[in-house]
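Quick notes on the structure that follows.
The values are calculated or read from the model by the stated rules, or taken from the named source; none is laboratory data. Keep in mind the model is a prediction, meaning the values are calculated, not measured. Counting neighbours? That spans all protein chains shown, and the Cβs are built from the backbone with ideal geometry, glycine included. Keep in mind that these areas ignore ligands, DNA and RNA; they rest on the heavy atoms of the full protein, side chains included. Shrake-Rupley method; radii C 1.70, N 1.55, O 1.52, S 1.80 Å.
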Amino acid sequence: MLRSDQVLVTVGTACSMSAVGSTETYQARVAGSDEWLPLAAFDAGLVELDPNAAHAGDGMRWADGDHAGQPVSLDELERLHGDALRENSGIRHVPGVRERAPRVVTDIAAPLPHDLETVGLRRLAGLRFEDIRASRLKEMHGLFQNDPLLSPSLQSQLFAYGALGALAGLPRPLPEIVSDPFAFRVASATAFGGLDGLGQWLRPDAPLPEGGFPKDTFAVRLAHSLGSHGPALVSTMLSPAYGISRVLKNPELRESLRSENVGFMRVPQTPLTAVGACASSLVALADVAPQLLFDYPGFQKPKMVLWTAADAALQPAYGILEAFGGGALMTGDKLAAKNAAHADGVVRSVHDSLAPFDIDADGTVVGHGGSGLLVTTLDFALRHHLDITSIIVGWGQSAEAGGKAHFAGVGFGGENALVQALDMAYEGHGYGVHDFHYLAAHATGTRTNSKTDLGTALAGLRGAAQRQGLEGDLPKLFVGTPKAVGDGHTMGETGLKAVAQALQFVLGRKAPGVPTLRRLDPDLADVAGHFTLQAEPSEGMADGGAICATQGFGGYNGAVALRSATADAFARYACDADVLKDYLAAWPTIRAEREVRERVARRSPKLALAMAERHAWKGLDA
């Protein structure tokens with residue numbers, strides 16, 4: 001029996017941003033809810049919502065223009081902006097791509113919707129220069145210049161929005177829960193560096209920016225070319241705020257950073273940044289999870305981890321659409337040919353052109369995304385009355401061998417990651433392969449990946465079953481994928497977004513199916529029978545299990561296994577009896593209050609800034 005301090009859990013739900021929109025918008029799309037329209041309009045900056053309203057459409061007001069502050073109805077919003085909001089979200093044709101990158105093979109992509117790629121995400125997150133200058137974080141205003149060459153890159157903005165937005169799940173300010181910042185760590189992942197300024201700054205033939213070169217070219221290069229910049233920005237925003245120039249003039253300020261833990265300073269641990277191609281975020285979890293559980297003389301293990309991932313691979317100038325080539329990407333020509341070839345009259349739009357496990361699966365669609373989720377131990381969550389939303393019962397990572405077509409092919413052996421995760425679930429937690437019901441698949445949208453995706457999952461389940469001494473039929477897992485909802489392939493972030501949806505499943509809420517599935521790929525006949533593949537979402541299971549598995553180009557693989565958090569599940573572990581009894585009595589209230597906090601925070605303006613102001617460790621002059 002594992003002790004409660006040897007068990008990892010998630011706290012709250014993941015906060016995310018993708019081509020479909022923010023967390024609440026995405027979940028409304030999955031559920032087919034009529035709240036999607038007002039939530040999408042909020043993402044677009046068209047309306048302000050009443051975050052306390054039972055329905056997102058109740059209490060809407062125009063955000064700006066001549067009618068700013070005036071009420072708006074759902075019917076009026078639909079009439080004026082419904083078509084545009086739908087057209088500008090999810091997978092879509094992106095105008096002007098070939099003018100910016102003439103050699104690209106497609107204009108189909110999944111960038112952020114509405115104006116979020118340019119000014120909208122900074123507005124929604126509260127990361128504009130004027131926002132910071134007027135906030136408690138004004139000491140660090142220099143990190144948020146309006147100059148596009150010095151402002152936080154899109155990737156950094158995605159990190160800040162997703163990671164800081166996850167803190168909405170906490171019932172009290174973070175410093176009241178983790179009093180010593182050194183017991184906190186950001187664990188991040190990305191497949192690409194923050195390449196926003198690459199075309200401008202690293203190409204020798206690039207034109208001069210308007211106004212000539214800025215004085216601090218070093219800062220510009222760092223702001224837009226380091227994949228670690230976003231995680232560091234999150235950590236900095238949560239640290240005690242001291243301007244360097246002020247500290248140089250008043251060195252005594254540094255003394256206020258001294259910790260009660262003698263010899264240590266009151267600063268968070270350095271962010272962990274994992275780069276493992278499309279498996280990056282699951283690799284990051286596999287790297288940081290042992291640190292939360294590891295005991296060694298003198299080792300200062302983190303008590304809480306903010307797990308986050310972000311990628312903005314379409315920047316700069318959609319160059320990746322040139323690099324991938326037509327073989328791996330969905331294109332307009334392919335889509336037209338598929339539609340022309342089907343005699344049943346079913347026409348596939350660009351919005352559902354990423355079609356994993358379908359006969360039409362002929363290419364992936366690159367998207368942007370960022371997510372964040374809190375992870376801690378069961379013991380810590382119970383003692384601090386944090387809402388435990390799932391139990392992380394296993395994780396794993398592995399490489400591959402053979403089968404490569406240069407670098408981006410899919411090889412063999414990736415099932416090791418899943419077998420490792422299922423071994424941990426069985427040997428450490430007592431959950432066998434039959435205790436899992438949902439597979440959040442990698443599902444990039446190519447026929448090759450459709451085969452390897454299900455084939456690897458099946459091989460992993462079979463291998464784990466053999467190791468558990470089981471015979472007979474394997475469980476028939478329901479398959480879902482965020483990509484087919486409209487995210488596109490968000491590269492290194494994709495595994496964490498999959499975990500976010502697996503988390504919805506084990507909470508007993510609707511989780512994605514494969515909504516673009518029309519005609520099952522006949523090449524999957526032998527393996528597809530072991531899974532439930534359908535377009536409709538799953539209703540979820542409040543006492544169920546889910547697994548996520550990702551395959552990354554170059555041979556990176558990651559997997560994670562989740563189980564529902566229930567009173568019976570907690571009974572599997574050695575917990576302090578009084579602590580557990582107290583928690584279970586309060587849990588219904590803890591859960592209800594957390595759900596309200598997350599909804600209010602994510603439907604209110606300036607999410608990232610509001611969370612940073614509430615949860616940052618304070619400096620001397622707080």
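Ser135 - would you say it is of a type in the set (S, T, N, Q), in contact (Cβ under 8 Å) with a residue 12 or more places away in the chain and open to solvent by less than 50 Å² (accessible area, probe 1.4 Å)? The answer is yes for Ser135.
With the condition kept exactly as written, say whether any residue in the stretch 193-206 is surrounded by fewer than 16 Cβ atoms within 10 Å (Cβ to Cβ), among the basic types (Lys, Arg), touching a helix residue (DSSP H, G or I) at 6+ places or on another chain (Cβ under 7 Å) and at pLDDT below 85.
No - not one qualifying residue is present in the stretch 193-206.
Looking only at residues in the stretch 316-333 that are open to solvent by less than 40 Å² (accessible area, probe 1.4 Å) and out of contact with any Ser or Thr (no Cβ under 8 Å at 6 or more places or on another chain), the one that is nearest to Leu454 (Cα to Cα) is Gly325.
A quick yes/no check of all residues on (1) over 30 Å from Asp358 (Cα atoms); (2) in a helix (DSSP H, G or I); (3) modelled with pLDDT of 95 or more; (4) touching a strand residue (DSSP E or B) at 6+ places or on another chain (Cβ under 6 Å):
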residue	(1), (2), (3), (4)
Asp526	no, yes, no, no
Met541	no, no, yes, no
Leu580	yes, yes, yes, no
Trp587	yes, yes, yes, no
Ala592	yes, yes, yes, no
Arg599	yes, yes, yes, no
Met611	yes, yes, yes, no
Lys618	yes, no, no, no
Ala622	yes, no, no, no
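Filtered by the rule that a residue be farther than 20 Å from Arg597 by Cβ, open to solvent by less than 50 Å² (accessible area, probe 1.4 Å) and not aromatic (Phe, Trp, Tyr), the stretch 39-63 gives Ala40, Ala41, Ala44, Gly45, Leu46, Val47, Gly57, Met60, Ala63. Here the stretch 64-120 is the region considered, the condition is being free of Cβ contacts under 8 Å to residues at least 40 places away in the same chain, closer than 27 Å to Lys483 by Cα and hydrophobic (A, V, I, L, M, F, W, C), and the residue that is most open to solvent (accessible area, probe 1.4 Å) is Val119. Looking across the stretch 451-469, just one residue is under 22 Å from the mean Cα position of the chain (by Cα) and either closer than 22 Å to Leu329 by Cα or open to solvent by 10 Å² or more (accessible area, probe 1.4 Å) (or both), and that is Asp453. Within the stretch 4-37, the only residue that satisfies the criterion of being open to solvent by 10 Å² or more (accessible area, probe 1.4 Å) and touching a Cys at 6+ places or on another chain (Cβ under 8 Å) is Thr23.
Considering (1) open to solvent by less than 10 Å² (accessible area, probe 1.4 Å); (2) more than 29 Å from the chain's Cα centre (by Cα), the lone condition that Gly345 does not fulfil carries the number (1). Comparison of Gly372, Gly432 shows that the only residue that is without any contact (Cβ under 8 Å) to a residue 40 or more places away in the chain and open to solvent by less than 20 Å² (accessible area, probe 1.4 Å) is Gly432. Restricting attention to the stretch 222-280, the residues being over 25 Å from Lys301 (Cα atoms), surrounded by fewer than 17 Cβ atoms within 10 Å (Cβ to Cβ) and more than 34 Å from the chain's Cα centre (by Cα) number 8.
Put simply, of Val600, Val560 the only residue that is over 30 Å from Leu257 (Cβ atoms), of a type in the set (Val, Ile, Thr) and either open to solvent by less than 30 Å² (accessible area, probe 1.4 Å) or under 19 Å from the mean Cα position of the chain (by Cα) (or both) is Val560. Just checking, which of Thr389, Thr376 is over 24 Å from Ala457 (Cβ atoms), part of a strand (DSSP E or B) and of a type in the set (Ser, Thr, Tyr)? Sole residue among the options that is over 24 Å from Ala457 (Cβ atoms), part of a strand (DSSP E or B) and of a type in the set (Ser, Thr, Tyr): Thr376.
Taken over the stretch 435-450, the residue count meeting the criterion of being open to solvent by 10 Å² or more (accessible area, probe 1.4 Å) and modelled with pLDDT of 95 or more is 2.
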